[in-house]
């Protein structure tokens, strides 16, 4: 079993939080939507606080920043793809192109990064930091989020 | 990611997840997910391939047209990780008085500097700088060869971060030493752990710490889970 197969098999056995009565938002038309990226790659801009092991917080990334450090603590995923091309995890340039083409309405001024290796109960992210990050994007008028894992 | 989708949706923002583990997406049931069976760490699939990345996003955004959910759709392309080590030159021995891993790391210093200058950023630096990588390897080399790890002067007192910085230093340097298209997922990891002295040293120190009774997370996360600990 190769590394990716092993990690996928392990992840498949982890406890899965349940959401009763999950929300469903009917978005505005994509051509009018302001879009943000939310990633679990633990990216942060140079000068910001790094991620600690088990960090349940998030970092905000301004739209024009490309000097991003990979702060994830797991050794179990390819870390070179993002070093070769940020967009393979954080597709900010693709969003800019889609906005210029009118496919999406606009690119959000700020984007969000969490660390994917969370405690199994994910209670902090569910009750505290997740809603806090969402509120930040709401302040910016974000309509749609694309979530990218590592 | 699927958990965050529910949280953001509850806050009034429509979401689409690029799923990387299908079973998780099935169990957590985010409102909309495009499952992408791509190498872990590459949710958009292929570095430097604008057309492919754009296709992934367009397929993901198309799920916003669904009237109800949850929606889980598979991207039609499957990309397997590359299990062959990337072809990358390793510096020849220069100072035979040094442990091979230390000599090797010194030989990569200029390549890493070029990588830093070209990219403008490095992810080395959690506990050591690029200049401190050879000395950190000397410490791991000593542990691998019998030194008591509890008395070794591990930088920052955190061996997992030391191993992160060493591997990142090597992989970033290697970006300056390879030609051709981007290596596949795991190809660079395989190069580090299967062909470099530093990779062998990390695995040796990891085995020594495990056998000396170090706590499971401490030694285990020094290297990927699938790496041999026999």
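Any read-out appearing in this document is the output of simple, stated calculations on the displayed coordinates, not a laboratory observation. Owing to the predicted nature of the structure, the values given are computational and were not obtained by experimental measurement. Every residue, glycine among them, receives a Cβ derived from its backbone with ideal geometry; neighbour counts consider all protein chains shown.
Could you tell me how far the Cα centroid of the stretch B:144-185 sits from the Cα centroid of the stretch A:38-71, in Å?
So the separation of the two Cα centres works out to 21 Å.
Along the Cα→Cβ direction, 7 angstrom out, place labels at residue B:95 and residue B:138. What is the inter-label distance in nm?
0.8 nm
Consider all pairwise Cα distances in the stretch B:60-140 and report the whole-number % of them above 14 Å.
Tail of P(r) above 14 Å: 76 percent of Cα pairs.
Treat the stretch A:29-148 as a sphere of radius equal to its Kirkwood radius over Cα pairs and apply Stokes-Einstein at 20 °C in a medium of 1.002 mPa s; give the translational diffusion coefficient in µm²/s, rounded to a whole number.
145 µm²/s
What's the exposure ranking of A:114, B:94, going from fewest to most Cβ atoms within 10 Å?
Sorted ascending by nearby Cβ count, the order is B:94, A:114.
Between rounded, prolate and oblate, where does the stretch A:1-40 land on the alpha carbon gyration tensor, with a ≥ b ≥ c its root eigenvalues, rounded for a/c under 1.5, else prolate if a/b exceeds b/c?
oblate
Starting from the alpha-carbon convex hull of the protein assembly as shown, give the projected area averaged over all orientations, in nm².
For the protein assembly as shown, averaging the hull's shadow over all directions gives 18.0 nm².
Report for the stretch A:29-148 the percent antiparallel among DSSP-assigned beta bridges with both residues inside it, nearest 5.
Taking every DSSP beta bridge with both residues in the stretch A:29-148, the antiparallel ones total about 50 percent.
Per the Cauchy relation, a quarter of the hull surface: what is the mean projected area of the convex hull of the alpha carbons in the stretch B:100-220, in nm²?
One quarter of the hull surface, i.e. the mean projection, equals 7.3 nm².
Expressed as a whole number of Å, what is the distance separating the alpha-carbon centroids of the stretch B:210-230 and the stretch B:117-132?
Rounded to whole Å, the Cα centres lie 25 Å apart.
Could you give the nm distance between label points at residue B:52 and residue B:228, where each point is 7 Å from its Cα heading toward the beta carbon?
Going by the 7 Å Cα→Cβ label model, 3.0 nm.
Rounding to the nearest 10 and keeping the result within 0 to 90°, find how far the Cα-based axis of helix B:133-144 lies from the longest principal axis of chain B.
The helix B:133-144 is inclined about 80 degrees to chain B.
Let me check against my output: what whole-number percent is the relative contact order of chain B, with C-alpha pairs under 8 Å and at least 6 apart?
19 percent
Sorted by packing (mean other beta-carbon atoms within 10 Å per residue), highest first, where do B:33-42, B:188-197 land?
The peptides rank, most packed first, as B:33-42, B:188-197.
Quote the FRET efficiency, to the nearest 0.05, computed for residue A:128 versus residue B:179 with a Förster distance R0 of 51 Å and r equal to the Cβ-Cβ distance.
0.60
Output the 0 to 90 degree angle, nearest 10, between the alpha-carbon long axis of helix A:130-139 and the longest principal axis computed from the alpha carbons of chain A.
Helix A:130-139 and the main axis of chain A meet at about 10 degrees.
Going by the alpha-carbon gyration tensor, a ≥ b ≥ c the square roots of its eigenvalues, is the stretch B:22-67 rounded (a/c under 1.5) or, if a/c is not under 1.5, prolate (a/b greater than b/c) versus oblate?
Because a/c hits 1.5 or more and a/b fails to exceed b/c, the stretch B:22-67 counts as oblate.
Pick from A:122, A:107, A:25: which is most flexible by mean-square fluctuation in a GNM of chain A where alpha carbon atoms under 10 Å apart are linked?
Of A:122, A:107, A:25, the most mobile in the Gaussian network model is A:25.
Suppose only helical runs count, i.e. DSSP H with n ≥ 4. What mean residue ellipticity at 222 nm does that imply for the protein assembly as shown under -39500 (n - 2.57) per run, divided by all residues and rounded to the nearest 500 deg cm²/dmol?
So the calculated ellipticity at 222 nm is -11000 deg cm²/dmol.
In peptide B:67-75, what is the residue-averaged number of other protein chain Cβ atoms found within 10 Å of each Cβ?
So the per-residue partner count for this stretch is 1.
Give the angle, between 0 and 90 degrees and rounded to the nearest 10, that separates the Cα long axis of helix B:197-211 from the longest principal axis of the Cα atoms of chain B.
90 degrees
Within a 10 angstrom radius of each residue's Cβ in A:131-137, how many Cβ atoms of other chains show up on average? Whole number is fine.
4
Among A:113, B:68, which comes first, second and so on when ranked by fewest other beta-carbon atoms within 10 Å?
With the sparsest Cβ surroundings first, the list reads B:68, A:113.
Take peptides B:217-225, B:152-160 and line them up by average Cβ neighbours within 10 Å, highest first, as a rough protection proxy.
The packing order, highest mean first, is B:217-225, B:152-160.
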